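Visitor: Dropping a structure here in structure tokens format, bear with me for questions.
The values are calculated or read from the model by the stated rules, or taken from the named source; none is laboratory data. Quick caveat: nothing in here was measured; it's all calculated off a predicted structure. Ideal geometry is used to build each Cβ from the backbone, glycine not excepted, and the neighbour counts take in all protein chains shown. Just so you know, the surface numbers come from the protein's heavy atoms only, side chains and all, with ligands and any DNA or RNA stripped out. Shrake-Rupley method; radii C 1.70, N 1.55, O 1.52, S 1.80 Å.
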Amino acid sequence: MNASVWAPLAGRRLLLVGPVPPPSGGMANQTRQLRELLIGEGLQVDLLPTNPPYRPAWLASWRGVRAVARLVGYVGRLWRACGRADVVHVMANSGWSWHLFAAPAIWVAAWRGRPVVVNYRGGEADSFLQRAARWVRPSLRRCARLVVPSGFLEAVFAKHGLPAHVVPNIVDTARFRPEPKPAPGGFHVLVARNLEPIYDNASALRAMARVLTQVPDARMTVAGSGPEAERLQALAQQLGLSHAVRFAGRLDREAMADLYRQADVLLNASLVDNMPNSLLEAMASGVAVVSTNVGGVPYIAQDGETACLVPPGDDGAMAQALVRLAQDAAQRDRLRVNGLAAVARYTWPAVAPQWATVYAEALASRA
């Protein structure tokens, strides 16, 4: 990396505000990864987690009280941390996450006279802005830059009259990398999303039931946790999948990287999406991808070139794509090779200069 791109930030301190693992998730993983990479470039980076453990621990069981207690402590920490920072980078999402964490960070930084970069994520931005744009706009007017990870979200914000700048997600190709596949043990399908309704893992299970009628040695690993765990495990039993589906729970980065390398295909059945890290990690690991054609997915994966894209909620189409890849190793290899080439633009050497420019422009706006 050419150190000159970071010259405008020499001696400056960055405050990164956002969730961090545990639990793991797209935004939490990106927050942690971005901080590690920025520190690796020699920057001074403070981190203010938006999801610290509840103290005292009993607050976790008092839903309304815990939100107020966390907000009060959070604002106090924000005030102190912003006082030390030169630029504040806020990881933002839709819904209550915006109101409880992103908006307070923006306003506290503004009151402290610090330029703010809002890094907005989440595939539900359009519906959220339709409901809450009048609350979101006053906060965004106080930001130096609004950054989104995909052209999909750029178009969503433009629709609501809010200009955004695209800086893509980062995939760690040192960790997520292709390796020779282990000895054949059946066609291995990986699902790597949290067990939440918007990710429609139920359709992934129904697709697997269809696959087994034509590929009897196929197997599936579901890596993730969430409120739908019990329902999905019960559905797997009802579908007669107990022998073929393993629920691995939430895994750390190293375990996930190893699991990608054991898989033949990643299946993403999401109903709503922005720029799923799981797709980038799979492609970087040399794994073919079958995904629903929703949100920002077609901005990073091209049907027939780097992935097989199918309609959301259509377990029949998912199954057809999986069977086709199970039976056609040449097509599977073509998707793998094209995917590996495509992820080059999401590596740190490609993305780092873009963040350096965003931070330098934020500092200039303060001046």
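Visitor: Are there any pairs, at least 6 apart or on different chains, whose C-beta atoms fall under 8 Å, with the first in segment 293-311 and without any contact (Cβ under 8 Å) to a residue 12 or more places away in the chain and farther than 19 Å from VAL166 by Cα and the second part of a loop (DSSP other than H, G, I, E, B) and open to solvent by 30 Å² or more (accessible area, probe 1.4 Å), and if so, which?
Guide: Taking only residues 6 or more apart or on different chains, the pairs are ASP303/ASN293.
Visitor: Does GLY123 qualify as being touching a residue at least 24 places away in the same chain (Cβ under 8 Å), closer than 19 Å to SER285 by Cβ and among the small types (Gly, Ala, Ser)? Reasoning before the result, please.
Guide: Details: touching a residue at least 24 places away in the same chain (Cβ under 8 Å): yes; closer than 19 Å to SER285 by Cβ: no; among the small types (Gly, Ala, Ser): yes.
Against the criterion (touching a residue at least 24 places away in the same chain (Cβ under 8 Å), closer than 19 Å to SER285 by Cβ and among the small types (Gly, Ala, Ser)), GLY123 does not qualify.
Visitor: Report yes if some residue within segment 112-132 is closer than 16 Å to LEU48 by Cβ and aromatic (Phe, Trp, Tyr); otherwise report no.
Guide: Among the residues of segment 112-132, not one is closer than 16 Å to LEU48 by Cβ and aromatic (Phe, Trp, Tyr), which makes the answer no.
Visitor: With the structure loaded, tell me whether VAL265 is modelled with pLDDT of 95 or more and buried (at least 19 other Cβ atoms within 10 Å of the Cβ) or whether it fails that test. Full working, then the answer.
Guide: Numbers: modelled with pLDDT of 95 or more: yes; buried (at least 19 other Cβ atoms within 10 Å of the Cβ): yes.
Yes, satisfied.
Visitor: Also, quick follow-up: So which residues in segment 208-234 are within 15 Å of ASP315 (Cα to Cα) and more than 24 Å from the chain's Cα centre (by Cα), if there are any at all?
Guide: Within segment 208-234, MET208, ALA209, ARG210, VAL211, LEU212, THR213, GLN214 meet the criteria.
Visitor: Return the only residue of MET318, MET283, MET275 being in a loop (DSSP other than H, G, I, E, B), crowded, with 24+ Cβ neighbours inside 10 Å and not acidic (Asp, Glu). Outline the logic, then answer.
Guide: Values: MET318 fails: in a loop (DSSP other than H, G, I, E, B); MET283 fails: in a loop (DSSP other than H, G, I, E, B).
It is MET275.
Visitor: Please work out which one of (1) over 17 Å from the mean Cα position of the chain (by Cα); (2) crowded, with 20+ Cβ neighbours inside 10 Å; (3) of a type in the set (S, T, N, Q) is the condition GLN238 fails and give its number.
Guide: For GLN238, the exception is condition (2).
Visitor: Out of all the residues in segment 258-272, which are part of a loop (DSSP other than H, G, I, E, B) and polar (S, T, N, Q)? So that I can check it myself, show each step before the final result.
Guide: Start the filter on segment 258-272 by keeping residues that are part of a loop (DSSP other than H, G, I, E, B), which leaves 263-264, 269-272.
Correct list: SER270 only.
Visitor: Which one is nearest to GLN130 (Cα to Cα), of the residues in segment 83-97 that are at pLDDT 95 or above and crowded, with 20+ Cβ neighbours inside 10 Å? Reasoning before the result, please.
Guide: Residues of segment 83-97 at pLDDT 95 or above: 83-92.
From what's left, crowded, with 20+ Cβ neighbours inside 10 Å: 85, 87-92.
Working: ALA85: 33, VAL87: 29, VAL88: 27, HIS89: 25, VAL90: 22, MET91: 20, ALA92: 17 Å.
Step by step, filter segment 83-97, then rank; the result is ALA92.
Visitor: So, one more: Select from segment 295-310 the residues that are open to solvent by 10 Å² or more (accessible area, probe 1.4 Å) and under 15 Å from the mean Cα position of the chain (by Cα) and write down the one among them that is farthest from ASN194 (Cα to Cα).
Guide: TYR299
Visitor: Also, I was wondering about something else. Find the residue count for segment 102-122, including only residues that are under 22 Å from SER150 (Cα atoms) and open to solvent by 20 Å² or more (accessible area, probe 1.4 Å).
Guide: 1
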